[in-house]
Amino acid sequence: MALPTTSPAAPAPTTPHRRPSWLTPRVLRTEALAGLVVALALIPEAISFSVIAGVDPRVGLFASFTMAVSIAVLGGRPAMISAATGAIALVIAPVVRDHGLDYLLATVVLGGLLQVVLGVLGVAKLMRFVPRSVMVGFVNALAILIFLAQVPHMRDVPWIVYPMIAVGLALMVFFPRLTRAVPAPLVAIVLLTVVTVAAHLAIPNVGDEGRLPDSLPFPLLPNVPLTFHTLSVIAPYALGMALVGLMESLMTAKLVDDVTDTRSPKSREAWGQGVANIVTGFLGGMGGCAMIGQTMINVKAGARTRASTFLAGVFLLVLVVGLGDVVAVIPMAALVAVMIMVAVGTFDWHSVRPATLARMPKSETTVMVATVVVVVATGNLAIGVIVGVLLAALLFARRVAHLVEVTSTLDPDARTRTYSVAGALFFASSDDLVTRFDYAGDPAHVVVDLSGAHVWDASTVAALDAIETKYAARGKTLRITGLNEASSTLHQRLAGHLGGGH
């Protein structure tokens, strides 16, 4: 019998190497054009935010470059633009004013470290606890602060500045009706700059605000003493920067998720923002976060990958380093007009319409107004958001506390009274639960039916203990029934062990 022959082993099939989607010519062209448009639009805003923060324009421009390039690699949301922003500028401005640039850079690094820690701890999941009313108040307050930051640039200036601001605003309102191929802010800046140079107008320009970069950013260490005093100075601002930056970035990421019908890892976005700020601080930048406006420009231009974000940063650096002398003659009137339009576009006008206010619950409006007032009064977006969240929680607890109902029925033989409790039982709603029972007039047997309720905390268990104690003091028995599984577990673990009522 002949043995079967075996043929040599066939080579394993090779899997063709697939290029990333952004490397295909069509996609790369779209990403590059979107990145270029964003870079052109970033220049005036980065300079304006530098002015708000009280630093040289190069500090904001470097921040926009390093944030965009870093987050393109580290971030969780592709096509989202991170750069120097008005929110961060407003938070860190007091550091520059009172302590100087080195303390600002130290604040940015510490703020980045806090963002990394918060990202690793899962702070992104806490965004669900920020109510919409606080979000609206945050956005409206940011718009007001951006506008107020322009007021100093409209004081004690030549009269021609005011018509130029008006012309700039008109261009940004009406030019998009002709075409959206070129950003309207860029058109306004170019035209006003040409007029200023051609007419030899002696008005404030970008060059008056500080020196523009003429080289690439280089690593440096903030020249601050490594002491507890330094930490006490920069820590409050670093925390404010970390919270505001994460909030704006996560809000923007969620918006892009909705627009593109995709999902992105929010925890990665959180710690990615932190690492990007650390890099920015050590490269002489003022820090930043995601930009809602620039991100929407990028997405609407068709960008969907990290390439557009990376190229936006690269194009920005090439433009400002190669064309720094041109940027220096941009009149401040043009940038003031741009920032006024940013403020107008940022403000949620729908939220203050009479029809909206009439329809909205008073508690929601109160939270929104309180958030705006605190932010504008303190100049700190983080404080306003925290106050808004706490106020919203208190008003919600107050509203829910009144939704608990207690009804009673007496058995036909008049020997047992049953109390039916319905609603969410927690510290606010269970506070007066003890007063809803007729201890003296009830029969010897009392049943508390909690099948329509849920026990949320130890305060409620303590209230049930107190009710049982009051009946026991009168020689009556109390039986609790209808507890769901979670409520029963909590009640069994804590009942009789809270030290109150027994």
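The values are calculated or read from the model by the stated rules, or taken from the named source; none is laboratory data. All values derive from a computational prediction rather than experimental measurement. Cβ placement follows ideal geometry from the backbone for every residue including glycine, while neighbour counts extend to all protein chains displayed. With ligands, DNA and RNA removed, areas are computed over all heavy atoms of the protein, side chains included. Shrake-Rupley method; radii C 1.70, N 1.55, O 1.52, S 1.80 Å.
Out of all the residues in region 387-443, which are under 30 Å from VAL373 (Cα atoms) and among the β-branched types (Val, Ile, Thr)? Those that are under 30 Å from VAL373 (Cα atoms) and among the β-branched types (Val, Ile, Thr): VAL387, VAL389, VAL400.
Among what's in region 456-480 and is surrounded by fewer than 16 Cβ atoms within 10 Å (Cβ to Cβ) and in contact with a strand residue (DSSP E or B) (Cβ under 6 Å, 6 or more places away or on another chain), pick the residue that is nearest to ASP431 (Cα to Cα). Among those residues, the one meeting the criterion is ARG479.
This table checks each residue for (1) out of contact with any Pro (no Cβ under 8 Å at 6 or more places or on another chain); (2) at pLDDT 90 or above.
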| site | (1), (2) |
| --- | --- |
| LEU42 | yes, no |
| ILE47 | no, no |
| ALA53 | yes, no |
| ALA63 | yes, yes |
| PRO78 | yes, yes |
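From the list ALA382, ALA397, the one residue that fits, being of a type in the set (A, V, I, L, M, F, W, C), open to solvent by less than 30 Å² (accessible area, probe 1.4 Å), touching a residue at least 40 places away in the same chain (Cβ under 8 Å) and more than 17 Å from THR435 (Cα to Cα), is ALA382. Within region 214-228, the only residue that satisfies the criterion of being aliphatic (A, V, I, L, M) and under 17 Å from VAL321 (Cβ atoms) is LEU216.
Restrict the check to region 298-310 and report whether at least one residue is open to solvent by 30 Å² or more (accessible area, probe 1.4 Å), part of a helix (DSSP H, G or I), in contact (Cβ under 8 Å) with a residue 40 or more places away in the chain and over 13 Å from ALA41 (Cα atoms). Within region 298-310 (the criterion being open to solvent by 30 Å² or more (accessible area, probe 1.4 Å), part of a helix (DSSP H, G or I), in contact (Cβ under 8 Å) with a residue 40 or more places away in the chain and over 13 Å from ALA41 (Cα atoms)), the answer is yes, since at least one residue qualifies.
Count of region 321-360 residues, restricted to those that are in a helix (DSSP H, G or I), open to solvent by 70 Å² or more (accessible area, probe 1.4 Å) and under 30 Å from PHE218 (Cβ atoms), is 2. Within region 196-225, if we keep just the residues that are exposed (fewer than 10 other Cβ atoms within 10 Å of the Cβ) and closer than 23 Å to GLY313 by Cα, the residue that is modelled with the lowest pLDDT turns out to be SER215. Only residues that are surrounded by fewer than 17 Cβ atoms within 10 Å (Cβ to Cβ) and either aromatic (Phe, Trp, Tyr) or closer than 20 Å to ALA472 by Cα (or both) were counted in region 410-430, giving 5.
Scanning region 140-160 turns up no residue that is open to solvent by 20 Å² or more (accessible area, probe 1.4 Å), in contact with a Gly (Cβ under 8 Å, 6 or more places away or on another chain), without any contact (Cβ under 8 Å) to a residue 60 or more places away in the chain and β-branched (Val, Ile, Thr).
Could you grab me the full set of residues in region 486-502 that are in a helix (DSSP H, G or I) and buried (at least 16 other Cβ atoms within 10 Å of the Cβ)?
Taking region 486-502 first, the residues in a helix (DSSP H, G or I) are 486-494.
Selection gives SER487, LEU490, HIS491, LEU494.
Is one or more of the residues making up region 83-94 of a type outside the set (Asp, Glu), open to solvent by 40 Å² or more (accessible area, probe 1.4 Å) and at pLDDT below 85? It would help to see each step written out before you state the result.
Start the filter on region 83-94 by keeping residues that are of a type outside the set (Asp, Glu), which leaves 83-94.
Still in the list and also open to solvent by 40 Å² or more (accessible area, probe 1.4 Å): none.
No, there is no match, as no residue in region 83-94 is of a type outside the set (Asp, Glu), open to solvent by 40 Å² or more (accessible area, probe 1.4 Å) and at pLDDT below 85.
Collect the residues in region 110-129 that are surrounded by fewer than 18 Cβ atoms within 10 Å (Cβ to Cβ) and modelled with pLDDT under 90, keeping them in residue-number order.
Within region 110-129, GLY122, LYS125, LEU126, MET127, ARG128, PHE129 meet the criteria.
Condition (residue is modelled with pLDDT of 85 or more, aromatic (Phe, Trp, Tyr) and under 29 Å from the mean Cα position of the chain (by Cα)) applied to region 164-180: is it met by at least one residue? So that I can check it myself, show each step before the final result.
Taking region 164-180 first, the residues modelled with pLDDT of 85 or more are 164-178.
From what is left, the residues that are aromatic (Phe, Trp, Tyr) are 174-175.
Now narrow it down to the ones that are under 29 Å from the mean Cα position of the chain (by Cα): none.
Checked against the condition, which is being modelled with pLDDT of 85 or more, aromatic (Phe, Trp, Tyr) and under 29 Å from the mean Cα position of the chain (by Cα), region 164-180 yields no hits at all.
If you scan region 431-455, which residues turn out to be open to solvent by less than 40 Å² (accessible area, probe 1.4 Å), modelled with pLDDT of 90 or more and under 43 Å from the mean Cα position of the chain (by Cα)? Passing the criteria: LEU450, ALA453, VAL455.
Taking region 41-60 as the range and being open to solvent by less than 20 Å² (accessible area, probe 1.4 Å) and in contact with a strand residue (DSSP E or B) (Cβ under 9 Å, 6 or more places away or on another chain) as the test, the residues that pass are LEU42, ALA46, PHE49, GLY60.
Suppose the filter is of a type outside the set (Val, Ile, Thr), within 13 Å of ALA87 (Cα to Cα) and either buried (at least 21 other Cβ atoms within 10 Å of the Cβ) or touching a Gly at 6+ places or on another chain (Cβ under 8 Å) (or both); does SER249 pass it? Steps first, answer last, please.
Numbers: of a type outside the set (Val, Ile, Thr): yes; within 13 Å of ALA87 (Cα to Cα): yes; either buried (at least 21 other Cβ atoms within 10 Å of the Cβ) or touching a Gly at 6+ places or on another chain (Cβ under 8 Å) (or both): yes.
It is true that SER249 is of a type outside the set (Val, Ile, Thr), within 13 Å of ALA87 (Cα to Cα) and either buried (at least 21 other Cβ atoms within 10 Å of the Cβ) or touching a Gly at 6+ places or on another chain (Cβ under 8 Å) (or both).
Here are some residues: LEU450, LEU483. Which one is in contact with a strand residue (DSSP E or B) (Cβ under 9 Å, 6 or more places away or on another chain), within 20 Å of ALA401 (Cα to Cα) and in a loop (DSSP other than H, G, I, E, B)? If you could, list the steps in order and put the result at the bottom.
Details: LEU450 fails: in a loop (DSSP other than H, G, I, E, B).
From the options LEU450, LEU483, the qualifying one is LEU483.
Scanning region 260-297 for residues that are surrounded by fewer than 24 Cβ atoms within 10 Å (Cβ to Cβ) and closer than 21 Å to PHE347 by Cβ yields ILE292, GLY293, MET296, ILE297. Among residues of region 408-426 that are under 26 Å from LEU490 (Cα atoms), those with a beta-carbon under 8 Å from a residue that is assigned to a strand (DSSP E or B) and of a type in the set (Lys, Arg) at least six positions away or on a different chain give the pairs SER408/ARG417.
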